[in-house]
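Peer 1: To start, I am sharing the structure in question, which I have written as structure tokens.
The values are calculated or read from the model by the stated rules, or taken from the named source; none is laboratory data. Remember, predicted model here, so these are calculated numbers, not experimental data. All Cβ positions, even for glycine, are placed from backbone atoms using ideal geometry, and neighbour counts span all protein chains on display. Only protein heavy atoms, including side chains, enter the accessible area calculation; ligands, DNA and RNA are left aside. Shrake-Rupley method; radii C 1.70, N 1.55, O 1.52, S 1.80 Å.
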Amino acid sequence: MITGVFLLAFGSEFLVNGVARIAESFDISERVISVSLVALGTSIPELATSLVAAFRKESNLAIGNLIGSNIFNLASVLGITAMVSPIAVNPNTPEILSTNIF
């Protein structure tokens, strides 16, 4: 278990630094990198659970897990973020990631 925790910490650090370097080499903004990493990190456990459920022929569980986790992630991430710091959205800008919130 201790080895697993160590490898998890090492792997996540390696993933974040590697993706950041690759994205910077393609001149992608840090905001897009961070949003993508958070989305990937929160989606992989649900994907694994849904795959196991699908292999066990539990399609209702797989679909319910994906829909429920996505709704919870969206509501909780936006809600907690808005409680910590108000989210400013420029109505004249079509891309939400291009708004200046800092």
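Peer 1: Residues in region 8-16: is at least one within 30 Å of Gly64 (Cα to Cα), open to solvent by 90 Å² or more (accessible area, probe 1.4 Å) and part of a helix (DSSP H, G or I)?
Peer 2: yes
Peer 1: I would also like to ask the following. Is it true that some residue in region 19-34 is surrounded by 10 or more Cβ atoms within 10 Å (Cβ to Cβ) and within 22 Å of Gly68 (Cβ to Cβ)?
Peer 2: no
Peer 1: Something else about it: With respect to the numbered conditions (1) surrounded by 11 or more Cβ atoms within 10 Å (Cβ to Cβ); (2) at pLDDT 80 or above; (3) acidic (Asp, Glu), which one is the sole condition not fulfilled by Glu46?
Peer 2: (2)
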